[in-house]
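One structure below.
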Amino acid sequence: MKRSMAKKLVSIVLVLTLAFVVVGCTEEEVTEKLTLATTTSTYDSGLLGELMSQFEEESGYQADVIAVGTGQALEVGRRGDADIIFVHAEELEKEFVAEGYGTERTYVMYNDFVVLGPEDDPANLKGTDDLGLALQKVEQIGLKGESSFASRGDDSGTHTKELSLWNIYGIDIDGDWYNSLGQGMGDTLITANEMQSYTLADRGTFLSMEDHLPNLAILFEGDENLFNPYGIIPINPEQHDVNYEGAEELVEFFVRADIQEQIGEFGKDKFAQPLFFSDAD
Amino acid sequence: MDLLIEGLQEAISLLITFDPRVINIILTSLQVTGTALFFAALIGIPLGAFLGLSDFPGKSIIEAVLYTGMGFPPVAIGLLVFITFSSAGPFGFLNWLFTTRAMIIAQIIISFPLVAGFTMTAVNSVDSNLLLQLKALGATKRQVVLAILKESRLGVLVSVIAGFGAIISEVGAVMMVGGNIERSTRVLTTAIVLETRKGNFGLAISFGIILLTITFVVNFCMSILPGRGGRND
């Protein structure tokens, strides 16, 4: 008796497994796809999910969003594995277009970076209103061994931005106080929170994760150099077989007045301040 | 500790409310891993049986290749599959990248050396007298192979279980070639990475608990398989 029960159970499981296999193989693509490669910061904040489902409804495309670091998103675009990229690394994006991989870069929105650190602020950044000075203080407290700096270290937009800041203010990051993590924004924040490190993050990701980061606080903000513009670039149809029409539709969608307004409103109800600001003319 | 309890509660509530997003993630996981395991067994068991039963010059090299495959980092396999199916790559025309198909390919490559390697060991350890006896009784080659596989079925089953364990819990390769696309290529492991990245540890843990439960149920079902018509023959 027991044996036949077991037999039945096993056959049910086997049939179910087979059903999945069949479902997987007969899966048909009925709608045309548009693949967007973007950064984790837009995706993890939830903004893109909201906008893309609206775009799917309006345009009838099936939009696949691949959220990776900016470096990887650019590489995915360069290989033609996405139809359009939406990233934030101005210099790299301009290069991308100049090399002929993308057609044109359109400003969509911006947010800003903030310097975060341990709540008790051993480097005393709160008393500074100059970004260069603030970063020097981080270096000094690091050299003393009292704190450290956690860098994304993943060639992302944030990482590129951070490197350019050290460069502008002539600070040498070749020291034990500087930890290059090679991780995404969320992981880097979690690490900084645990290590009581200083770090640089986009405001959106920090605000959306603040509840999980009890040890971190915004210690410096507002400098023009912390400005973080996002650009959208359709992949050049002359380089790869891509859905260029869909990509152009998405660009038009993003710069439309009502969508721009929606971008500026996003997050206000939850964080009492916007996460992104509209940036299209 | 709080997080674990919170995760457990969340896992249960996600499961009993049949949250469609969670169900979709679970089904995608099972579909990808089930299909991959099916093909891995299809290639791996005959290959392992062949290697276990035959002897030819250069066999030890093939064995070493197989054992290396068992320890090959999944991320490296993911990168390989990515490059192969990338639109600039040799199989780019198929448009399989960022679909479950590329994930299945990656998982087949990860799991079939395990299936083949363990099957080979299991077949090797069958009493060599059996082989002689079968031959003496005039069994055909096909009959010999089937008889030996039957004799070593527990070992073969372990090979499939090992293959299953390696791919249901794998994240690096499926993340890279699947892209973790919502409602399409998101599986339990990539969902865990995403929620961890967002700091939603409770939700991430609950996905982990669901994954563990599924693995247990599947392994339990597989482990009662050899009982089928087993001990009384």
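Just so it is clear, none of the values below were taken in a lab; they were calculated from the coordinates. Nothing here was measured: the structure is a model prediction, and the numbers come from that model. Methodologically, a virtual Cβ is constructed for each residue, glycine included, from the backbone with ideal geometry; neighbour enumeration extends over all protein chains shown.
Quick notes on this structure:
- When the P(r) of the protein assembly as shown is calculated, the portion above 30 Å amounts to 56% of the C-alpha pairs.
- Remark: chain A is approximated by an ellipsoid whose semi-axes, taken from the C-alpha gyration tensor as √(5λ), come to 38, 27, 18 Å, largest first.
- Residue with peak Gaussian network fluctuation, chain A [Cα springs, cutoff 10 Å], from A:D258, A:D121, A:D44: A:D258
- Global form of region B:82-131, assessed from the alpha-carbon gyration tensor, a/c cut-off 1.5: prolate
- Over 28 Å between alpha carbons, listed pairs A:K94/A:K137; A:K144/B:K198; B:K59/B:K135: A:K94/A:K137; A:K144/B:K198
- Comparing mean-square fluctuations of B:I45, B:I167, B:I16 from a GNM of chain B with C-alpha springs under 10 Å, the top value falls on B:I16.
- Taking chain A as a Gaussian network of alpha-carbon nodes connected by springs under 10 Å, the highest mean-square fluctuation of the residues A:H88, A:H240, A:H159 belongs to A:H240.
- By the beta-carbon count within 10 Å of each Cβ, the least crowded to most crowded order of A:Y107, A:Y178, A:Y198, A:Y230, fewest first, is A:Y107, A:Y178, A:Y230, A:Y198.
- About the Cα centre, charge dipole magnitude for chain A (Lys/Arg +1, Asp/Glu -1 at Cβ), debye: 1600 debye
- Its Cα centre serving as origin, chain B has a Cβ charge dipole (Lys and Arg +1, Asp and Glu -1) of approximately 620 debye.
- Only helices reaching 30 angstrom along their own axis (Cα) with mean Kyte-Doolittle hydropathy no lower than -1.0 count here, and for the DSSP H runs of chain B these are B:20-53, B:100-124, B:201-223.
- Global geometry of region A:111-226, whether rounded, prolate or oblate, following the gyration tensor of its Cα atoms and the 1.5 cut on a/c: rounded
- Once C-alpha pairs closer than 8 Å and six or more residues apart are averaged by separation and normalised to the residue number of region A:111-226, the relative contact order reads 46 percent.
- Dipole size of the protein assembly as shown about its Cα centre, with +1 on Lys/Arg Cβ and -1 on Asp/Glu Cβ: approximately 4360 debye, rounded to the nearest 20.
- Since only A:I190, B:L154, B:F164 are under comparison, the one whose Cα sits farthest along the positive direction of the charge dipole of the protein assembly as shown, derived from C-beta charges on Lys, Arg, Asp and Glu, is B:L154.
- Label separation (B:Q9 vs A:E32): 4.9 nm, computed from points 7 Å beyond Cα along the C-beta direction.
- Only beta bridges with both residues in region A:111-226 are counted; by DSSP, about 60 percent of them are antiparallel.
- Helix-only arithmetic for chain B: the sum of -39500 (n - 2.57) across DSSP H runs with n ≥ 4, divided by the residue total, places the mean residue ellipticity at 222 nm at -24500 deg cm²/dmol.
- Positive-end residue of B:L3, A:G80, A:P274, charge dipole of the protein assembly as shown with Cβ unit charges: B:L3
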